[in-house]
Amino acid sequence: MEEKVITDDHKINSLLEQLIKNCSYCKSAKDEKLIRKAFKMANEAHKGTRRKSGDPFIIHPLEVAVIVSEEIGLGVTSTVCAILHDVVEDTDLTIEDIENAFGKKIASIIDGLTKISGVFDKESNSLQAENFRKMLLTLSEDVRVIFVKLADRLHNMRTLDSMPRNKQIKIAGETIYLYAPLAHRLGLYTVKSELEDLSLKYRYPEVYNEVAEKIKLTEERRLHLINHFSLPIIDSLDQNGFKFNITGRPKSIYSIWQKMHQKNVTFEEIYDLFAIRIIFEPKPDIPEKTQCWNVYSIITDIYAPKPERIRDWVSTPKANGYEALHTTVMGPNGKWMEVQIRSSRMNEIAERGFAAHWKYKDKTAPESELDKWIKRIRETLETPSSDAMEFLDDFKLNLFSSEIMVFTPKGHIITLPKNATALDFAYDIHTEIGNKSIGAKVNHRLVPLSHALTSGDQVEILTSEVQKPTLEWSQFATTVKAKTAIKNSLKSETKNRTEVGKQILIEKLKELNLTPSSRILKKLVPAYNSTHKDELYSKIGSELISLDNLKEILSKNTKNKWVRVWDLSLGRSQKKSGQKEEYDSRGTLILRETMEDEESNYYLAKCCGPIPGDEVVAVRQEDGTLLVHRTDCNTAVKIMSSQGDKLVAAKWTQHKVLSYLAKIQLNGWDRFGVYNTITNAITKELNISMRTINLHGHDGIFNGTIDLYVHNTKDLNNLILNLMKLKGVESVHRVEVKE
């Protein structure tokens with residue numbers, strides 16, 4: 001035991017000294033003293049506590065501090081906050097103790113990093129969503145909260161091996177849903193890429209390992225290609241007096257998998273597996289933008305460019321501050337090569353995002369993109385939905401999405417999320433303009449408010465004093481500002497209708513010598529297809545409901561009906577109480593192929609239709625049953641990120657008892673007899689039953705779908721491989737079954 005303690009102490013001290021030595025902005029004795037003081041407080045507070053991996057707990061905050069300091073490049077304040085980020089949550093220390101020792105600023109950041117405590121309404125809210133909201137509230141005061149939180153999440157992902165499978169799935173899902181997009185939005189490309197890769201590693205370990213292995217196997221060929229491609233460029237840049245560095249960066253494992261998944265192509269079919277990056281030291285007295293185009297001109301003199309693949313983020317930087325010039329050129333071996341051109345300053349911002357220049361922010365400078373983003377966060381938080389999950393969706397939709405830039409009639413630029421409509425533009429200018437909108441002119445052409453805008457559009461809003469928002473508007477509004485304004489306007493009208501409806505009902509009941517009571521409302525609400533009393537009042541006030549049959553409804557005796565429902569639910573409960581779920585030694589739920597019979601306590605989700613062999617996760621429902629999703633199902637990913645406590649790790653047994661419905665999509669050349677060849681291969685050679693076949697040809701090409709019954713993913717993959725070998729079949733892939 002003594003040897004273990006010595007080893008731990010050595011590891012801890014080594015990490016502390018590394019932190020102090022490599023901290024970019026921790027050069028004075030005062031800075032070092034502050035970091036040692038924070039370490040001493042955290043080390044004493046966490047003494048005796050260990051992580052799941054077996055390491056002393058203090059190693060985690062030290063590793064987070066190293067990420068904050070070395071990888072993100074923040075200063076002493078952020079480093080101290082990283083060391084102390086868990087003390088309030090996990091020990092007896094309070095925010096007041098932090099404030100007394102380190103001052104208000106550090107205490108404020110620690111408060112933002114401390115996880116929220118207390119109990120939430122589990123039906124409408126999610127602990128993670130509420131925690132995320134609290135973190136964002138502090139972000140609007142000090143952006144360093146988010147940088148430290150991302151460093152914390154990155155280290156947790158790096159050490160996820162020691163967690164049980166269901167926790168791994170939950171944390172990985174939450175990371176890909178919220179934290180990776182957040183890192184991207186703040187321009188932390190390196191952090192974002194690693195979070196995405198690690199999330200993929202724990203969600204689909206086999207896929208991750210397969211892609212990683214293929215990247216490793218192609219490394220030698222990649223280096224040869226880079227050298228062959230770069231030599232003429234190096235000579236030409238040298239002749240033009242540029243100081244530069246050329247590297248060949250492979251795409252991240254996640255981005256390769258995503259492209260394979262979305263475009264249904266193999267690893268070998270992806271032509272832009274890596275990008276050539278040219279980072280130059282800018283010459284004095286010549287604008288960086290001009291020098292970027294000079295480098296571009298040199299490259300395209302050697303290799304022919306692909307015109308539609310130029311990305312100019314030098315003239316108009318991305319919303320996260322990213323600046324670069326991207327082009328795709330035809331390389332010497334007939335292969336397209338992506339080339340990224342950046343100055344050393346642009347590269348620093350590309351790697352570290354807002355963290356690279358936030359520290360040096362000039363208070364008198366025009367409003368930066370980061371300030372605008374935080375301003376939009378504040379707007380979102382000022383009018384949050386009562387439902388934390390709805391808030392989380394709105395936040396993700398509006399602040400993580402791609403952006404477009406459109407112009408007012410006077411030429412001012414307005415930044416909106418991708419797919420924003422003319423109505424979103426109107427509300428972005430002013431709430432009252434949005435409320436009074438009747439249409440718009442986009443590029444001098446009259447369009448409806450639902451018209452989707454694209455970058456470069458010039459938009460003019462047409463208004464009318466008699467116009468009011470309608471419920472239909474909320475269906476095509478995309479921004480939080482527009483949705484909130486419409487909701488508030490409709491809410492005030494609904495409130496009036498509710499009051500009117502309530503008075504009408506009271507008057508009608510008076511005629512029957514009755515007064516409103518919970519017993520009467522329990523009869524009326526379901527009778528008039530309403531979910532609660534306010535909806536009932538609103539429908540009455542809007543004249544959607546006539547109360548002519550009120551007496552008849554109230555005279556109905558519902559006693560027997562309620563007894564029958566109670567009996568049924570009681571019978572169902574008794575039946576389920578005798579059921580047993582099977583788990584393996586690691587606590588993973590065993591899914592048997594007989595699962596959907598009367599004895600089962602778990603069911604297949606209709607949204608993604610999992611079959612044996614798919615990577616799956618189970619979600620515990622309110623009634624105790626388990627709903628099984630594929631792990632790549634959008635619904636499942638959302639649940640992973642927000643309701644981790646309901647997740648149960650699951651896996652299939654390997655038996656061939658039942659057949660499961662699956663759907664494949666095919667296309668190819670419409671040659672004579674191709675349909676017959678396909679159906680024969682499925683039914684006769686592979687002995688698989690088809691339920692529906694829907695193939696049609698046009699202009700020499702056929703496409704369509706086939707619904708068929710398979711035992712598991714192995715059978716399905718085998719079928720796809722065999723069909724791909726058939727003459728005339730160009731592509732085959734699995735698609736979701738929509739019942």
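Considering only the range 535-552, how many residues are within 43 Å of the chain's Cα centre (by Cα) and surrounded by 16 or more Cβ atoms within 10 Å (Cβ to Cβ)?
The first filter runs over the range 535-552 and keeps only residues within 43 Å of the chain's Cα centre (by Cα), leaving 535-545.
From what's left, surrounded by 16 or more Cβ atoms within 10 Å (Cβ to Cβ): 535-541, 545.
Result for the range 535-552: 8.
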Query raised in the report: Would it be correct to say that residue 52 is surrounded by fewer than 16 Cβ atoms within 10 Å (Cβ to Cβ) and modelled with pLDDT of 90 or more?
Result: no
Query raised in the report: Take the residues of the range 212-228 that are out of contact with any helix residue (DSSP H, G or I) (no Cβ under 8 Å at 6 or more places or on another chain) and among the β-branched types (Val, Ile, Thr): which is modelled with the highest pLDDT?
Result: 226
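Results for (1) among the aromatic types (Phe, Trp, Tyr); (2) assigned to a helix (DSSP H, G or I); (3) modelled with pLDDT of 70 or more; (4) surrounded by 18 or more Cβ atoms within 10 Å (Cβ to Cβ), shown as yes or no for each residue.
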| site | (1), (2), (3), (4) |
| --- | --- |
| 96 | no, yes, yes, no |
| 106 | no, yes, yes, yes |
| 122 | no, no, no, no |
| 131 | no, yes, no, no |
| 137 | no, yes, no, no |
| 150 | no, yes, yes, yes |
| 169 | no, yes, yes, yes |
| 175 | no, yes, yes, yes |
| 178 | no, yes, yes, yes |
Query - Those strands (runs of 3 or more DSSP E) lying entirely in the range 670-739 with at least 2 residues surrounded by fewer than 17 Cβ atoms within 10 Å (Cβ to Cβ) and small (Gly, Ala, Ser) - result: 689-698
Report summary line: Given the conditions (1) within 28 Å of residue 349 (Cβ to Cβ); (2) of a type in the set (Lys, Arg); (3) crowded, with 23+ Cβ neighbours inside 10 Å, every one holds for residue 158 apart from (3)
Requested in this report: Specify the residue that is modelled with the lowest pLDDT; the eligible residues are those in the range 180-206 that are surrounded by fewer than 20 Cβ atoms within 10 Å (Cβ to Cβ) and among the hydroxyl-bearing types (Ser, Thr, Tyr).
Outcome: 189
Query raised in the report: Can you pull out the residues in the range 460-492 that are of a type outside the set (Lys, Arg), touching a residue at least 24 places away in the same chain (Cβ under 8 Å) and surrounded by fewer than 19 Cβ atoms within 10 Å (Cβ to Cβ)?
Result: 460, 462, 463, 464, 465, 467, 476, 488, 489
Report summary line: Of the conditions (1) within 30 Å of residue 665 (Cβ to Cβ); (2) more than 27 Å from the chain's Cα centre (by Cα); (3) at pLDDT 90 or above, the single one that residue 209 does not satisfy is (2)
Query raised in the report: Which is closer than 22 Å to residue 112 by Cβ and among the aliphatic types (A, V, I, L, M), of 67, 59, 20?
Result: 67
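Per-residue answers, yes or no, for (1) closer than 26 Å to residue 192 by Cα; (2) aliphatic (A, V, I, L, M); (3) modelled with pLDDT of 90 or more:
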site	(1), (2), (3)
268	yes, no, no
276	yes, yes, no
279	yes, yes, yes
289	no, no, yes
310	yes, yes, no
320	yes, no, no
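Find the residue count for the range 669-709, including only residues that are on the phi > 0 side of the Ramachandran plot and at pLDDT 80 or above. Break it down stepwise before answering.
Taking the range 669-709 first, the residues on the phi > 0 side of the Ramachandran plot are 673, 687, 699-700, 704.
With the extra rule that they be at pLDDT 80 or above, the set shrinks to 673, 704.
Residues flagged as on the phi > 0 side of the Ramachandran plot and at pLDDT 80 or above within the range 669-709 amount to 2.
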Report summary line: Note on residue 611: of the conditions (1) surrounded by 15 or more Cβ atoms within 10 Å (Cβ to Cβ); (2) over 27 Å from the mean Cα position of the chain (by Cα); (3) modelled with pLDDT under 80; (4) of a type in the set (A, V, I, L, M, F, W, C), unmet is (2)
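The values are calculated or read from the model by the stated rules, or taken from the named source; none is laboratory data. Just so it is clear, the model here is predicted, and its values are computed rather than measured. Methodologically, a virtual Cβ is constructed for each residue, glycine included, from the backbone with ideal geometry; neighbour enumeration extends over all protein chains shown.
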